[in-house]
Structures are given as C-alpha cells and as structure tokens.
1. Run down Asn125, Asn185, Asn130, Asn158 and say which single residue is surrounded by 12 or more Cβ atoms within 10 Å (Cβ to Cβ) and either under 30 Å from Lys48 (Cα atoms) or not basic (Lys, Arg) (or both).
2. Going through Val18, Val58, Val63 one at a time, which residue ends up being modelled with pLDDT of 75 or more, within 25 Å of Glu131 (Cβ to Cβ), assigned to a helix (DSSP H, G or I) and not aromatic (Phe, Trp, Tyr)?
3. Looking at Arg31, is it modelled with pLDDT under 75, under 16 Å from Val121 (Cβ atoms), charged (D, E, K, R) and part of a helix (DSSP H, G or I)?
Amino acid sequence: MSILYQGVFAMLVAEMLVFLLLLAPLPYSVRTKIIQFFIKSPIAAQIKYGLRIIFVLVCILFVDNVNRSFKTQEKHDQHEEHAHMDSRTDSYLHSKMFQAQRNMYLTGSVIFLSLVLNRFVNMINELAKNEEKTEILKQQAAKTTKEYLKLLDKEQKNDSKELQEKYDKLVKEFEILKKQANQTNDEYMKLTDKYVDLENKFENNSASKKDK
C-alpha cells in the first residue's frame, strides 16, 4: 500500500475513533462541549477546511479507482478470451484488479463515513441548540411564574388589608349603633316611667274628686 492510501486508511481509522467517541456513553454536557469545540473553535474551523480539501481528494481517488477497476476487469476479460494468456499476465491483472478494488472500497468507506459523521455531528449540534433553547424557556417560565406569584401575593395582601379595613369600619359602626340603641332604650324607659307616674297621678286626682 502506497503512502497516499496509508494516509487514507489513517483517515478512516480517525473517523471511526471519532464516531466511537461520540457514541460512547459520555455525559451529555461533555459530548456537547466536544461538538461545540468542533463547530465554534477557530482551530477546528481550520481543521474542517483541511478536511474538506482531503475529502475532495479522496473523492477523486475513489472515482479514479472505480475507473481503474472497470478497465482492469475489461482487460482481464479480453485476455481470458485468448487461450494463450500466460499465468504471469493473469496474476498481474488479478493483482491490479485487487489493488483497484481495495482502494475503491477504502476510499468509498472514507467518503461514506465522512458523510455519516458530518450528519451525526450536525444532529447532535441541533439537539444541543434545542436543549439550550429549552433551558432558556424554562428559566423565562420560572422567572415569569415567580413574578406572577409575587404580584398575586401582593394583590392578596392588598385585598386582605382592604377587607380588614372594611371589617374594622363595620365594627366601629356597629358599636356606634349599639350605643345609640342603648341610649334610645334608656330614653324610652325614662319616658315610660314618666308616663306611668303621670298616669298614676291622674288616676289619684280623679279618685279624690269623686270622693268630694
């Protein structure tokens, strides 16, 4: 395997390790920090730019190996039609076909895993953003609820104070009416006594006049 395809294989191994790292049972906050680093970090931006260039090169290698694989297969089929094809040529064509197919599968795996990994990272990032929005909404809801409870408690205190004032006012009015009723009753009793006295005096005067 040439140095170029050794680098492609190393990229495949690195993608597998990153994918396993993201699939590992890490705490959600740790996984989110890793994703945020790859998305927001300036260093990560440079790395992503380099990876895009490498991805394009791998795509070119994939197309080239597919083309080589088909061409080698055609040559092998053509030589098989001739009975005088020697074993060296057959081994050489098989070797070239094996290398082309191996490199095709290797580059294809890198491309496929790159696309899956990119989509997976974007999904985790979207999930992290939604979690942040949910947390912000929870904080806003808690703050709004707290303010509402304060306002409600204040209104209840005001209502309680107002009711207490009305109650005190009614008690005072009742006491005043009670005093007035007692005074009226006393006056009535005095008038009743005076009326009884006058009636007794009138009856006594009438009786004395009859005796005369």
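The values are calculated or read from the model by the stated rules, or taken from the named source; none is laboratory data. Fair warning: this is a prediction, and the values are worked out from it, not measured in the lab. Because the Cβ atoms are built from the backbone with ideal geometry, glycine has one as well, and the counts that use them run over all protein chains shown.
1. Checking each option against the conditions leaves just Asn125.
2. Val18
3. Against the criterion (modelled with pLDDT under 75, under 16 Å from Val121 (Cβ atoms), charged (D, E, K, R) and part of a helix (DSSP H, G or I)), Arg31 qualifies.
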